[in-house]
1. Of the residues 34, 55, which is within 24 Å of residue 317 (Cα to Cα), away from ligand 2 (no atom under 16 Å from the Cβ), of a type in the set (A, V, I, L, M, F, W, C) and in the same structural domain as residue 145 (by TED's automatic domain parsing)?
2. Which pairs turn up if I take residues in the stretch 40-51 that are among the aliphatic types (A, V, I, L, M) and look for partners that are buried (at least 16 other Cβ atoms within 10 Å of the Cβ) and outside any loop (DSSP other than H, G, I, E, B) with beta carbon separation below 7 Å, at least 6 apart in sequence or on another chain?
3. For the subset of the stretch 84-104 comprising residues that are under 20 Å from the mean Cα position of the chain (by Cα) and small (Gly, Ala, Ser), which member is farthest from ligand 1 (Cβ to nearest atom)?
4. Any residue in the stretch 209-225 that is touching a Lys or Arg at 6+ places or on another chain (Cβ under 7 Å), surrounded by 24 or more Cβ atoms within 10 Å (Cβ to Cβ) and in the same structural domain as residue 283 (by TED's automatic domain parsing)?
5. Give the number of residues within the stretch 274-314 that are of a type in the set (Val, Ile, Thr) and outside any loop (DSSP other than H, G, I, E, B).
6. Mind checking which residues of the stretch 96-120 are among the basic types (Lys, Arg) and farther than 20 Å from residue 71 by Cβ?
7. Would you mention how many residues in the stretch 142-192 are of a type in the set (A, V, I, L, M, F, W, C) and farther than 26 Å from residue 217 by Cβ?
8. Looking at the stretch 316-343, which of its residues are in a loop (DSSP other than H, G, I, E, B) and not hydrophobic (A, V, I, L, M, F, W, C)?
Amino acid sequence: MKAAVLREVGQPLQIEEVSIGKPGPREVLIRTKAAGVCHSDLHFVEGSYPHPLPAVLGHESAGIVEAVGSEVRTVKVGDHVITCLSAYCGHCEVCLTGHMSLCVSPETKRAKGEEPRLFREDLSGSGDTKMAQFLNLSSFAEQMLVHEHACVAIRRDMPFDRAALIGCSVMTGVGAVIHTSGVRPGETVAVIGCGGVGLATINGAAMAGAGRIIAIDRIPSKLELARQFGATDVIDASEDPVKQVQELTGGGVHHSFEAIGLKVTAEQAFKMLRRGGTANIIGMIPVGTMIELHGPDFLGEKKIQGSFMGSNRFPVDMPRLVDAYMAGKLKLDELISRRIRLEEVNSAFDELKRGELARSVIVFD
Ligand SMILES: [Zn+2]
Ligand SMILES: [Zn+2]
């Protein structure tokens, strides 16, 4: 099958022929129909997060089940599915206490020594055919071989290109609001960064019934988009956003969400809280970066926490989000700025770097 491979940090992805294994007892082979190009892929291309290479990137996708292993119970051939990188075992402590997105059980991966899910022909004769799977998925490819607990079946009238977005950015943003921070009707929310995840966070805050939803970004077109997603106020980030938020809200917000991944904006997210408020760090802050907070602020019971993949319970959450889209409550059409072919993946990364567009989605025939 055709796949986009990262061979070296900082280099463009290469379109290559890659081989994919047959489903093991609990594995599912999926024909990829759509894959979003997410900012977190870019973090790995740029090397701010390390990953074994070569690897097939991509982790925000939807497709059709082509084959299932002998013990698979949750999906069947022909099912339309959304994938999720939060593969979970279902019986460890975090899974059983309702925090399955934190599961790190190795059993959802193939064991060392087993044939890998992805490999390549030994063209060089060196015997090295290793190809790393990315975040349990590797979606920039015509097919995916995943654990059955890395995908969920959805209704068939849901378009694949929009379903794919639910697989990462939308689950991440909406989940941060409803699961990680537990926003309640009437509370105030600030969202720093209005890319795909930030816009989904704003949408989630609107769905949760937040009173005031303040969108913060430097780019006017993104702030305009933020209004469409439910922002009640917008703030130009280049002019002291903390002060502006405090003025707008009379002292700060109940919940803030950092959706960029920078030290300065993470610190701003904490500073713009009212007493008792909670800051949620969604963005991927580069490895090695330290965050500084003013210690006495803890006397006001201000909290700061990470939010990873929206603290999801994706087999329940994603079909609900599909329903929300179908009911017109979840905005996905506006998130897609461009539909592209796999071969154009590098240009989508260039656009992400420039920060103009919300999101490109790769569509497969
Ligand atoms: Zn992502
Ligand atoms: Zn588990």
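1. 34
2. Short answer, once both residue conditions are applied: 42/349; 42/352; 45/6; 45/349.
3. 98
4. No, there is no match, as no residue in the stretch 209-225 is touching a Lys or Arg at 6+ places or on another chain (Cβ under 7 Å), surrounded by 24 or more Cβ atoms within 10 Å (Cβ to Cβ) and in the same structural domain as residue 283 (by TED's automatic domain parsing).
5. Summing the residues that are of a type in the set (Val, Ile, Thr) and outside any loop (DSSP other than H, G, I, E, B) in the stretch 274-314 gives 3.
6. Residues satisfying the conditions are 112, 120.
7. Summing the residues that are of a type in the set (A, V, I, L, M, F, W, C) and farther than 26 Å from residue 217 by Cβ in the stretch 142-192 gives 11.
8. Once the filter is applied, which keeps residues that are in a loop (DSSP other than H, G, I, E, B) and not hydrophobic (A, V, I, L, M, F, W, C), the stretch 316-343 yields 328, 329, 331, 337, 341.
The values are calculated or read from the model by the stated rules, or taken from the named source; none is laboratory data. This structure is a prediction, so every number in the text was calculated from the model and none was measured. So basically every Cβ, Gly included, is an ideal-geometry build from the backbone, and we count neighbours across all protein chains shown.
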